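Q: Okay, handing you the structure first.
Every read-out reported here was derived from the displayed coordinates using simple, explicitly stated rules and does not represent laboratory data. Since we're looking at a predicted model, the values are computed, not measured. Methodologically, a virtual Cβ is constructed for each residue, glycine included, from the backbone with ideal geometry; neighbour enumeration extends over all protein chains shown.
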Amino acid sequence: KMVNMRRGGFHCAAVTFDATSPTVTLNQAAGQSDPTNAGPIPLPTVFSETVTGFAAADVSLAGSTAGGPLVVGVSGGGTTYTVSVTGMSSTGTVVASIPAAAALDAVGNPASASVGGSSGGTVENVLRSSFPPWVPRKNKS
């Protein structure tokens, strides 16, 4: 931001310098069952300031043990996004995190790595396998 000030015939300029990286918090959605047996798993994601460039490819699922082709979706914009994880096909844990520099603020400062959840930088949700109800078989005697 530039401000011109005229003082005694001199022109001065003041420039605001921003070197602060945006922070990001990744949380489990309010009301999200944990464990669950259904997707998607929504993860509200909030940056401390407006960012650009945040996309599904920026979300890490490293450490996840749930089987299946885990797929990340991202919706939202500005400071508030929702990360959604789908594709789970077997029992396991879904662990999501956002690495540093996944998004940029207005002047190009990279976001820091995510914080949140009970694991300090990841949000975990255990997926239980869903089985059809047990049906007794008739004995042939």
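Q: In whole Hz, what ³J(HN,Hα) sequence does the range 65-73 give by Karplus (6.51, -1.76, 1.60; θ = phi - 60°), x for Gly and Pro?
A: 10, 5, x, x, x, 4, 10, 9, x
Q: Now, a different point. Roughly speaking, what % of Cα-Cα pairs in the range 31-84 are separated by over 17 Å, rounded to a whole number?
A: 43 percent
Q: List the residues whose amide H sits under 5 Å from the amide H of N37, counting only those 5 or more places along or on another chain, with H placed 1.01 Å from N in the peptide plane.
A: R128
Q: Same structure, new question: Pairs of Cα atoms under 8 Å, at least six residues apart: use those to get the relative contact order of the range 79-118, whole percent.
A: 28 percent
Q: Can you run phi through the Karplus equation (6.51, -1.76, 1.60; θ = phi - 60°) for the range 24-35 and list ³J(HN,Hα) in whole Hz, with x for Gly and Pro?
A: Working through the residues one at a time gives 9, 10, 10, 10, 6, 5, 4, x, 6, 5, 8, x Hz.
Q: Can I ask one more? Please work out the FRET efficiency for the pair V71 and A19, using the Cβ-Cβ distance as r and a Förster radius of 35 Å; give the result to the nearest 0.05.
A: Once rounded, the FRET efficiency stands at 0.45.
Q: Taking H placed 1.01 Å from N in the peptide plane, check which residues at least 5 places from T50 or on another chain put their amide H under 5 Å from its amide H.
A: Here the answer is none, since no amide H 5 or more places off falls under 5 Å of that of T50.
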